[in-house]
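K.L.:
To start, I am sharing the structure in question, which I have written as structure tokens.
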Amino acid sequence: MDLFKIFGREKPSKDVAKERLKLILIHDRANVSPQFLEMVKGDIIKVISDYAEIDEKGLEIKLTRTDADSADSPALVANIPIKKMKDIGR
């Protein structure tokens with residue numbers, strides 16, 4: 001729960017900077033380039049489009065971290081807005 005959001009205050013800039021630095025380190029440790037993420041995004045769009053009509057403008061794919069066993073592990077997070085499901089094989 002983010003208490004800053006509940007009380008309508010922004011996170012202090014040091015916390016924002018710390019979070020950004022963590023994400024940069026995760027990108028470096030995972031050895032993932034922006035071009036690689038764009039290729040993954042294209043492949044995900046291609047596969048999901050076979051089954052659903054998606055809003056590509058609202059599509060968000062990012063590399064973030066998880067706290068698996070107290071070690072920051074990279075995680076690929078995808079937010080894919082679906083307009084409607086296709087009627088394939090129903």
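Read-outs: derived from the displayed coordinates by stated rules, not from any lab. In this text, all values refer to a predicted model and were calculated from it rather than measured experimentally. Glycine also receives a Cβ, built like all others from the backbone with ideal geometry; neighbour counts cover every protein chain displayed.
K.L.:
In nm, to one decimal, how far is the modelled label at K83 from the one at D15, with both set 7 Å along Cα→Cβ?
P.N.:
With each label point 7 Å from Cα toward Cβ, the separation is 3.8 nm.
K.L.:
Another question, then. Where Lys and Arg each count +1 and Asp and Glu each count -1, what net charge lies around D43 among other residues with Cβ under 14 Å from its Cβ? Walk me through the intermediate numbers first.
P.N.:
Values: positive: K41, K46; negative: E38, D50, E56.
Summing Lys/Arg as +1 and Asp/Glu as -1 gives -1.
K.L.:
Output the peptides 73-86, 52-65 sorted from most to least packed, where packing is the average of other Cβ atoms within 10 Å over each peptide's residues. Walk me through the numbers before you get to the answer.
P.N.:
Details: 73-86: 11.8, 52-65: 13.3.
Packing order, densest peptide first, comes out as 52-65, 73-86.
K.L.:
Label E56 and D43 with points 7 Å out from Cα along Cα→Cβ: what is the distance between them in nm?
P.N.:
1.8
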